[in-house]
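Each remark here refers to the structure printed beneath this line.
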Amino acid sequence: MNGAQALLQTLTDAGVEVCFTNPGTSEMHFVAALDSEPRMRAVLTLFEGVATGAADGYARMAGKPAATLLHMGCGLGNGLANLHNARKGKVPVVNIVGDHATFHTQYDAQLQSDIETVAKNVSPSFVRTSANTAQLSQDAVAAVQAARRLPGQVATLILPADVSWGEGAQRCPMPTQSPAPAADDAVVQAIAGAITQAVRAGEKAALLLGGQALREPGLLAAARIAAHARVQLLAEVFPTRLTRGAGLPTVERIAYLAEMAGVQLADVKHLILVDAKAPVSFFAYPGKASNLVPDGCIVRTLAAPEQNALTSLEKLAAALGAVQTRPRLQEPQRPGRPRGALSAPKVCKAVGHLLPEGAILIDEAITSGLMLGAMTAGCPRHDLITLTGGAIGQGLPNAVGAAVACPDRPVIALIGDGTAMYTIQALWSMARENLHVVSIIFNNASYSVLNVELERVGAADGGAKAKAKAQLDLDGPRLNFAQLAQGMGVHAVRASTAEDFTKALEYALAYPGPHLIEALVPESLSGAKRKVLPWLLRSMPNLPRPVALALKRKIAP
């Protein structure tokens, strides 16, 4: 075997069965070797950011890594944003980056670059350049092990062309990985004691859940603790994957807007982290705190990201005597069928009205998705994927990967118009692979969230003028996503009324294959709402707590 053939056999033996590719000349031996390994599915993407985002979405739903195939440092650079999102989401990805042959690097050819330095931004714990063909399969095993070990991570293996085409390679078996440890008994007992004391003292305690803890088993264990000990359940603002819906525990996500998060956390005296980090503001703002943990709140860690969150929660439930406690579960409920002129909340209402059992919801709707959580809380069981690293352009590629991982589950991706254009090429891959993805594009012709931020940061206190406004406006020319989708082989329609949108969504869910619905909507936060929002946010810390909470629920439930 040559190196590429041995690499593919080693990857598939280790359970890596899908590769999202955007290859170039240096990767041709890997491409040719795909024909020799029937267990490896290769999915072509037209842009590296689609490949990396698809690998991320696949791993979130499959629970194991996919591979990417990228062309040298420039190709890796094009895929960095979605690798950043995967890193922040602790998602396992095996990144294979082709390079010049080892003997060619001395000539500093046009595509020569320092790939390892680029890769360390998203693979801080595992970057390796394979030095020779004999070592390649062992390097691949090490990369898979690094990606799969908790916390999941992006592992980057750099593959020089001559290492790929060299002969005499051998496949390498994947050794058994040890299970991740749970929290120490002493830690569990200390946290159980703190919760018990908090209850006696009338102080509020909260579990902040992230990562592994937001799947059904972890949620049920946490909900038993919450019901038994009157502990609040919170989730990180952008969960990697949250299982939710009727019959499951409800968990309140920390708000994106720091002022609202401060209201949620204001009376918490004991914050217990479970595969999550203490909350911080998404950005810095003049005169505002970056650390959102309230003064006087004691923060404790039950399970760090490298530990088993589920087992740790089960140990805490046992220590508190909550194992047999009945958790509070979400009752089944759906919103009614929306009517009238279309708006972003009505799109979310239609999704909640029709959401099928087992759906995968991908939320990159930005301001247009403010009502999505409320409208789908009581729907049939589904999984929610969110923008973990804040680098927009994740949603459509995630949908590709999620649909490849779960071909029997419908995928619904709610995407803002600005973010859609970052990785619009994902639609072509959906059509090529005939994936059942319903892409909903909110076309409000604006970077709406940035208009909000312009007000919040106080950068244009006297009001933005024409040049500044033009940087946040997408209305000249206005994009036509239905035509873009049709040009890439995706069935697509435009809708400007709630009736037309709901009818289009019914059709898209009923007929397998890729669909796009372009929702022509006004901005959710515009005009007077946008002007008054910064004032409301500034006033929240000084308002009576019930009033502040009511405002928070009204703006972003």
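Each residue in segment 68-97 was checked for being in a strand (DSSP E or B), more than 13 Å from GLN112 (Cα to Cα) and touching an Asp or Glu at 6+ places or on another chain (Cβ under 9 Å), and 5 of them qualify.
Scanning segment 326-349 for residues that are assigned to a helix (DSSP H, G or I) and more than 23 Å from the chain's Cα centre (by Cα) returns a single hit, LYS346.
Is it the case that segment 159-176 has a residue that's in the same structural domain as THR68 (by TED's automatic domain parsing), surrounded by 23 or more Cβ atoms within 10 Å (Cβ to Cβ), part of a strand (DSSP E or B) and under 30 Å from the mean Cα position of the chain (by Cα)? Yes, there is a match, as at least one residue in segment 159-176 is in the same structural domain as THR68 (by TED's automatic domain parsing), surrounded by 23 or more Cβ atoms within 10 Å (Cβ to Cβ), part of a strand (DSSP E or B) and under 30 Å from the mean Cα position of the chain (by Cα). Every listed requirement among (1) among the hydrophobic types (A, V, I, L, M, F, W, C); (2) farther than 25 Å from ASP475 by Cα; (3) surrounded by 14 or more Cβ atoms within 10 Å (Cβ to Cβ); (4) at pLDDT 85 or above is met by ALA550 save one, (3). Here LEU361 does not qualify as crowded, with 19+ Cβ neighbours inside 10 Å, touching a strand residue (DSSP E or B) at 6+ places or on another chain (Cβ under 7 Å) and assigned by TED's automatic domain parsing to the domain that holds GLN232.
Taking the criterion of being farther than 16 Å from LYS88 by Cα and assigned to a helix (DSSP H, G or I), the residues of segment 141-158 that qualify are VAL141, ALA142, ALA143, VAL144, GLN145. Can you pull out the residues in segment 405-429 that are in contact with a helix residue (DSSP H, G or I) (Cβ under 6 Å, 6 or more places away or on another chain), crowded, with 24+ Cβ neighbours inside 10 Å and either in the same structural domain as GLU236 (by TED's automatic domain parsing) or in a helix (DSSP H, G or I) (or both)? Selection gives ALA426, LEU427, SER429.
Taken over segment 329-357, the criterion of being among the small types (Gly, Ala, Ser) and surrounded by fewer than 17 Cβ atoms within 10 Å (Cβ to Cβ) is satisfied by GLY336, GLY340, ALA341. Screening GLN264, GLN232 for residues that are polar (S, T, N, Q), closer than 20 Å to THR311 by Cα, outside the structural domain of GLY358 (by TED's automatic domain parsing) and surrounded by fewer than 24 Cβ atoms within 10 Å (Cβ to Cβ) leaves exactly one candidate, GLN232.
Go through SER290, SER281 for me and flag whichever is under 22 Å from PHE238 (Cα atoms), in contact with a strand residue (DSSP E or B) (Cβ under 7 Å, 6 or more places away or on another chain) and among the small types (Gly, Ala, Ser).
Working: SER281 fails: in contact with a strand residue (DSSP E or B) (Cβ under 7 Å, 6 or more places away or on another chain).
After ruling out the rest, the residue left standing is SER290.
Take VAL94 and tell me if it is touching a Pro at 6+ places or on another chain (Cβ under 7 Å), among the β-branched types (Val, Ile, Thr) and closer than 30 Å to VAL274 by Cα. Yes.
When the residues of segment 450-478 are filtered to those that are part of a helix (DSSP H, G or I) and over 22 Å from ILE366 (Cα atoms), the one that is modelled with the lowest pLDDT is ALA466.
Restrict the check to segment 188-208 and report whether at least one residue is part of a strand (DSSP E or B), under 22 Å from LEU150 (Cα atoms) and touching a helix residue (DSSP H, G or I) at 6+ places or on another chain (Cβ under 8 Å).
yes
In segment 72-130, the residue that is nearest to ALA59 (Cα to Cα) out of those that are among the hydroxyl-bearing types (Ser, Thr, Tyr) and in contact with a helix residue (DSSP H, G or I) (Cβ under 7 Å, 6 or more places away or on another chain) is SER125. Entry remark, segment 49-67: residues being assigned to a helix (DSSP H, G or I) and of a type in the set (D, E, K, R) number 2 in total. Scoring LYS503 on the criteria (1) assigned by TED's automatic domain parsing to the domain that holds VAL404; (2) more than 24 Å from LYS349 (Cβ to Cβ); (3) not in a loop (DSSP other than H, G, I, E, B) leaves a single failure, condition (2). Among residues of segment 474-491 that are in contact (Cβ under 8 Å) with a residue 40 or more places away in the chain, those with a Cβ under 9 angstrom from a residue that is basic (Lys, Arg) and crowded, with 17+ Cβ neighbours inside 10 Å, sequence gap 6+ or separate chain, pair up as PHE481/ARG494.
Residue-level analysis places THR386 among those that are more than 17 Å from PHE481 (Cα to Cα), modelled with pLDDT of 95 or more and not acidic (Asp, Glu).
Within segment 98-114, is even one residue in a strand (DSSP E or B) and surrounded by fewer than 21 Cβ atoms within 10 Å (Cβ to Cβ)?
Within segment 98-114, not a single residue is in a strand (DSSP E or B) and surrounded by fewer than 21 Cβ atoms within 10 Å (Cβ to Cβ).
Condition test on GLY393, is it among the small types (Gly, Ala, Ser), crowded, with 19+ Cβ neighbours inside 10 Å, under 16 Å from the mean Cα position of the chain (by Cα) and part of a helix (DSSP H, G or I)? When the stated conditions are applied, GLY393 does not pass them.
The rows are residues; the columns are (1) of a type outside the set (Gly, Ala, Ser); (2) in contact (Cβ under 8 Å) with a residue 40 or more places away in the chain.
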{"site": "ALA266", "(1), (2)": "no, yes"}
{"site": "HIS270", "(1), (2)": "yes, yes"}
{"site": "PHE282", "(1), (2)": "yes, yes"}
{"site": "PRO286", "(1), (2)": "yes, yes"}
{"site": "VAL293", "(1), (2)": "yes, no"}
{"site": "VAL299", "(1), (2)": "yes, no"}
{"site": "LEU302", "(1), (2)": "yes, yes"}
{"site": "ALA309", "(1), (2)": "no, yes"}
{"site": "ALA317", "(1), (2)": "no, yes"}
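The values are calculated or read from the model by the stated rules, or taken from the named source; none is laboratory data. Bear in mind that the values here come from a model prediction, so they are computed numbers and not experimental data. Please note: Cβ atoms are built from the backbone with ideal geometry, for glycine as well, and neighbour counts cover all protein chains shown.
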